[in-house]
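The values are calculated or read from the model by the stated rules, or taken from the named source; none is laboratory data. What you see is a predicted model; the values in this text were computed from it and never measured. Cβ: placed from backbone, ideal geometry, glycine included. Neighbour counts: every protein chain shown. With ligands, DNA and RNA removed, areas are computed over all heavy atoms of the protein, side chains included. Shrake-Rupley method; radii C 1.70, N 1.55, O 1.52, S 1.80 Å.
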Amino acid sequence: MLKVLKAALVAAAMASGALAAPALAGPHEDALAATRAGDHAAAIAIWRPLAEKGDPRAQSNLGVMHENGRGVPADLAEAVRLYKLAAAQGYAPGQHNLGVMYANARGVAGDDAEAVKWYRLAADQGYAAGQADLGFMYEFGRGVKQDYAEAARLYRLAADQGNGNARSNLGTLYRQGLGVAKDEAEAVKWYRLAAEQGHAGGQNNLGVMLRDAMGTARDDAEALKWFRLSAAQGSAWARTNLAEMYESGLGVERDYAEAAKWYRLAAEEGYPTAESALGVLYEEGRGVAQDYAEAMRWYRRAAAKNDARAQSNIGYMYEMGRGVPKDEAEAVKWYRYAADQHYAVAQTNLALLYEEGRGVAKDEAEALKWYRRAAAQGDSAAQNNIGFMYEEGRGVPRDYAEAMRWYMKAAAQEDAVALYNIGSLHQEGHGVPRDLVRALMWFELAAARGDKDAEAERARLEKELTPAQVAEARRLAADWKPPK
């Protein structure tokens, strides 16, 4: 079974309540200086009497202290009360912070429409955080009708003021072509601006663009740098991406133990992609001692969050009896969960169980259905298996030409089994003229990719053919390039 991990970009981010800096020197500046020095009690001693006199800046900032438990016990209800006092006076930071509380159900019942109201009042005053978070609500259709163009407009207003969330989120809209023309180079520009000001999401997203050569030249070492900076701020996405770099040896020497460390940090925060990936390391004994029970524990945690990879891997554990009693019916159940989420590996594995009648009644038509779904996503094993069904006449009329067509699709991805099967068709003259030189060429290609059956057939044909024929087959194999 193939296990794939491809960590994603960070989703759009919404700001949290923040302290507001004063325009002029005075008691507010003294209070902020105290908080920066870690003397929260001194800051509160300044802000509380000002707040009681109706100063909206003090009310809002004192609300932040209560929200985050700085110098006082955390008290979300008190934070909301103070934000309301400041917001009612038209103070934009207080309006924004109150919106955050409604959007996140902190100290008040969640109410997206109410959050939008307060974000809009702050945004209309040009307050960048309000613009950014109102953009977020438009992007995801929370409390308003989804409108990517309006989200992009608001993000740009905030981004032009240097708001890191807005810059990162605007980059994502450009990357996906939502509300703006798709432009990966423009996405890189905004991610870089966010990253360079220390925004964890922007740093992670810039790393992804550099790793995957989207809108910029591929640069694994530079990607690693940004993932590391984001991971140091606690980003589970970045920690997962950093782990993947260590696991794959991209931009750094391969180090499975280091990969396991970073996957674990993200997994312990409940990030399902990392939970699933950590399970794979335990299953295969890479970077950690092999432990099927521990692998299952992490797979189940991720599967409970509907992670398709984990569901598929649980299916495989039941199919093989790894860490659990072998149970092919249970394997079918888990493969189906993942297959219904369009996870190609699970679709192929489920199809194979239908084809062979393991854990479920044998049904070649159902097998072919699932193979086709996986093949449409480019799964080479499924493409090969469809070819085999046409070659053998399983669930479809025997058709060697159609078999060859599917084998070639898989061969384009250098699938060793498909390369072997193409050699067999040439060897037998099925759907193509019998040609032992061509057969040897394909067996050579399959053997070079680890197929043991191809190694045996290659050895047999090399004894049967003339040295000139063997040399020709080797030349053809050396010249072969996977079709694009």
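Of the residues making up region 281-293, those that are open to solvent by 10 Å² or more (accessible area, probe 1.4 Å), assigned to a helix (DSSP H, G or I) and in contact with an Asp or Glu (Cβ under 9 Å, 6 or more places away or on another chain) are Tyr282, Tyr292. All of (1) open to solvent by 40 Å² or more (accessible area, probe 1.4 Å); (2) free of Cβ contacts under 8 Å to residues at least 40 places away in the same chain hold for Ala310 with one exception: (1).
In a residue-by-residue description of region 352-366, the property of being of a type in the set (Gly, Ala, Ser), under 24 Å from Tyr407 (Cα atoms), touching a residue at least 12 places away in the same chain (Cβ under 8 Å) and surrounded by fewer than 24 Cβ atoms within 10 Å (Cβ to Cβ) applies to at least one position.
Residues in region 251-263 that are of a type outside the set (A, V, I, L, M, F, W, C), open to solvent by less than 50 Å² (accessible area, probe 1.4 Å) and assigned to a helix (DSSP H, G or I): Glu258, Tyr263.
Could you tell me whether any residue of region 102-110 is on the phi > 0 side of the Ramachandran plot, aliphatic (A, V, I, L, M) and free of Cβ contacts under 8 Å to residues at least 40 places away in the same chain? Yes, region 102-110 contains a residue that is on the phi > 0 side of the Ramachandran plot, aliphatic (A, V, I, L, M) and free of Cβ contacts under 8 Å to residues at least 40 places away in the same chain. For region 220-250, a residue qualifies if it is open to solvent by 40 Å² or more (accessible area, probe 1.4 Å) and touching a residue at least 40 places away in the same chain (Cβ under 8 Å), and exactly one does: Trp237. Scanning region 78-122 for residues that are assigned to a helix (DSSP H, G or I), open to solvent by 40 Å² or more (accessible area, probe 1.4 Å) and among the polar types (S, T, N, Q) turns up just one, Asn104.
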